[in-house]
1. For the range 154-254, report the convex hull volume of the alpha-carbon atoms normalised per residue, in Å³, without decimals.
2. 7 Å from Cα along Cα→Cβ at both Ser210 and Ser95: what's the point-to-point distance in nm?
3. Classify the range 109-149 as rounded, prolate or oblate from the Cα gyration tensor: take a ≥ b ≥ c as the square roots of its eigenvalues, call it rounded if a/c is under 1.5, otherwise prolate when a/b beats b/c and oblate if not.
4. Would you please classify the overall shape of the range 139-191 from the alpha carbon gyration tensor, given that a ≥ b ≥ c denote the square roots of the eigenvalues, rounded means a/c under 1.5, and beyond that prolate means a/b larger than b/c while oblate covers the rest?
5. Within the range 201-235, name every residue whose backbone N is under 17 Å away from a label modeled 7 Å from Cα of Val151 along the Cβ vector.
6. What does the C-alpha gyration tensor say about the overall shape of the range 91-237? Classify as rounded when a/c is under 1.5, otherwise prolate if a/b is larger than b/c, or oblate.
Amino acid sequence: MGQEKLQIPNWDEIPVAQRENQTVEPKGGGVLWLMVGGIVGLGAIAALGFYLFTLEGSPLVQSQPDKVETPSEVAERQELAVENVLGHLPYQEASPDDLEPITRDGRIRLRRSAAQQYRAMEAAARGDGVILSAISGFRTVEEQQYLFFGVKQQRNQGAAQRAEVSAPPGYSEHHTGYAVDIGDGRAPATNLSVNFENTAAFRWLEQNASRFSFELSFPQDNPQGIAYEPWHWRFVGDIESLETFYRAQNLRRE
């Protein structure tokens with residue numbers, strides 16, 4: 001039995017009309033979708049541009065500063081800008097509940113932590129043959145009102161002149177309960193005088209006060225421009241007292 005041969009049509013023998021019908025034409029919808037996609041893309045770009053334009057001034061688009069301040073630079077700037085009146089810094093008045101007497105009559109008081117260390121310092125000095133005498137401790141704003149304005153009037157002093165030796169009310173270290181004026185019990189004539197620096201009490205304080213966390217508030221040529229007061233000492237033995245007083249560091253003279 002003979003095999004039949006598979007007949008493959010000759011392409012040239014197919015009518016032209018039929019060959020043209022074999023060509024696949026692109027669908028008309030493809031062009032439409034291409035146009036729609038272009039329009040949507042342009043719209044998205046326009047919307048994004050408008051959004052960024054409306055964010056002008058926003059932290060998201062602002063340029064970063066050329067230099068970022070370090071914590072120490074910020075602290076120094078704040079210290080330089082601290083409020084002061086004629087060189088004196090503002091201080092809050094201590095609560096009476098936080099005060100303890102440092103004299104037998106109870107008239108002179110300090111904050112509890114400062115009072116304890118002052119009494120210990122006084123006892124140590126006495127053991128060395130030196131008599132420390134407390135002259136003034138905590139003062140209210142009302143008391144400072146008289147010491148500044150009342151005495152200023154009596155002595156016919158200008159405000160700046162008076163401020164060299166006495167703080168305006170609200171600006172005295174004595175308000176804090178950490179400051180104390182000290183004299184020599186054997187040389188009372190030198191009380192509240194620069195001559196106190198020539199006493200045994202002052203020399204002892206220079207050598208020993210830091211052991212009890214007391215320091216001289218207004219040494220010679222102090223940055224606040226306050227007159228030299230060898231009798232005026234302040235307690236800096238806890239974090240609150242340090243924060244209270246060290247704002248005076250790097251204070252600009254007016």
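We did not get these values from a lab; they are worked out from the coordinates using the rules stated. This is a predicted model, so every value here is computed, not measured. With ideal geometry, Cβ positions are generated from the backbone for all residues, glycine too; neighbour counts draw on all protein chains shown.
1. Per-residue hull volume (Cα only) is 121 Å³.
2. 3.4
3. Details: a/c = 6.79, a/b = 2.12, b/c = 3.20.
The shape class here is oblate.
4. On the way: a/c = 2.33, a/b = 1.29, b/c = 1.80.
In terms of gyration-tensor shape, oblate.
5. 217-219, 226-234
6. On the way: a/c = 1.75, a/b = 1.28, b/c = 1.37.
Oblate shape, in that a/c is at least 1.5 and b/c is the bigger or equal ratio.
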